[in-house]
Amino acid sequence: GESVGLHLPTLSVQEGDNSIINCAYSNSASDYFIWYKQESGKGPQFIIDIRSNMDKRQGQRVTVLLNKTVKHLSLQIAATQPGDSAVYFCAENWKTGANSKLTFGKGITLSVRP
Amino acid sequence: NAGVMQNPRHLVRRRGQEARLRCSPMKGHSHVYWYRQLPEEGLKFMVYLQKENIIDESGMPKERFSAEFPKEGPSILRIQQVVRGDSAAYFCASSPLAGTHEQFFGPGTRLTVL
């Protein structure tokens, strides 16, 4: 069946350090993997995505790595800032024809220490 | 260009009442998705609609829940005879294309059933 899960429920990092958030998935048919950030009381905010035929993609201060061999996805945040404190979700997109469905993991809380 | 709008932001209902949640997609978007988020959980897909059509309702409970996206006006998620287990945050997302993982989320409606 489909499942996307995160290894750790919380992550505490020092401001300025790099953060790494990990995620495991099980659906090999997903065409995209996406990271979302959710701040308290708000909806998920898109951070970065990666197509299933890629293994790395970089954005501004963020990098997503995809390891299809072990079905593992990670989000790296460089020079973590207090504004990065939020809950992070990985999601996979399962596309069948014109239908597209996102499956989310449970989420991990990133706490940035000043 | 306004983002996805949802209202009300907070809704309190007593058991047995009806809840109506509204979602206005981004301008130019004709695809709407509804998700439910329980506390400490990730988002769970409920239904995918295009204008006047339900494309995928595989995540919708079989009873008491319905959704529509009329030709004019917002998408409506309707929950009849609410129970305490319906208490959750309900998020709407919209996209401009069919079968895409690029979904833009609204701020959510937090439903509390007393």
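Just flag the GluC sites (Glu not before Pro) in the range B:1-78 sitting in loop per DSSP whose Cβ has no more than 13 other Cβ atoms within 10 Å.
B:Glu18, B:Glu40, B:Glu52, B:Glu63, B:Glu72
Apply the Kirkwood formula to chain A: the hydrodynamic radius equals the inverse of the mean of 1/r over all pairs of different alpha-carbon atoms; give it in Å with one decimal.
Taking every pair of different Cα atoms in chain A, averaging 1/r and inverting gives 14.2 Å.
Taking the Cβ-Cβ separation of B:Gln80 and A:Asn99 as r and a Förster radius of 35 Å, what is the calculated FRET efficiency to the nearest 0.05? It would help to have the intermediate numbers written out before the result.
Values: r = 26 Å, r/R0 = 0.75.
So, using R0 = 35 Å, E works out to roughly 0.85.
Taking the alpha-carbon distance from A:Lys37 and a cut-off under 16 Å, which aspartates and glutamates remain once sequence neighbours fewer than 8 residues away in the same chain are dropped?
Cα-Cα hits under 16 Å: A:Asp49, A:Asp84, A:Glu92, B:Glu40, B:Glu41, B:Glu102.
Longest span of chain B, sites excluded, free of trypsin sites (Lys or Arg not before Pro) in DSSP loop with at most 15 other C-beta atoms within 10 Å?
Counting at most 15 other Cβ atoms within 10 Å as exposed, the longest clean stretch of chain B is B:72-114.
Based on DSSP, what percent of beta bridges with both residues in the protein assembly as shown are antiparallel, to the nearest 5?
Antiparallel bridges: around 90 percent, rounded to the nearest 5.
When A:Leu66, A:Leu11, B:Leu97 are ordered from fewest to most other Cβ atoms inside 10 Å of their Cβ, what list results? Present the calculation step by step, with values, prior to reporting the outcome.
Working: A:Leu66 21, A:Leu11 18, B:Leu97 11.
Taking fewest neighbouring Cβ atoms as first place, the list is B:Leu97, A:Leu11, A:Leu66.
Check cross-link reach from B:Lys71 to the lysines: straight Cα distance under 28 Å, and skip same-chain residues fewer than eight apart.
Within the straight-line cut-off, B:Lys71 pairs with A:Lys42, A:Lys95, A:Lys101, B:Lys27, B:Lys44, B:Lys51, B:Lys62.
Give me A:Val13, A:Val64 sorted ascending by neighbouring Cβ count inside 10 Å, so fewest comes first. Intermediate results must be reported in sequence, preceding the final value.
Details: A:Val13 17, A:Val64 24.
Ranking A:Val13, A:Val64 by Cβ neighbours within 10 Å, fewest first, gives A:Val13, A:Val64.
I need the phi-derived Karplus couplings for the range B:68-78: 6.51 cos²θ - 1.76 cosθ + 1.60, θ = phi - 60°, integer Hz, Gly and Pro marked x.
In residue order, the calculated couplings are 8, 9, x, 4, 10, x, x, 7, 10, 9, 10 Hz.
Each reported figure results from applying straightforward, stated rules to the coordinates on display, with no laboratory input. None of these values were measured; they are calculated from a predicted model. All Cβ positions, glycine included, derive from the backbone under ideal geometry; neighbour counts span all protein chains shown.
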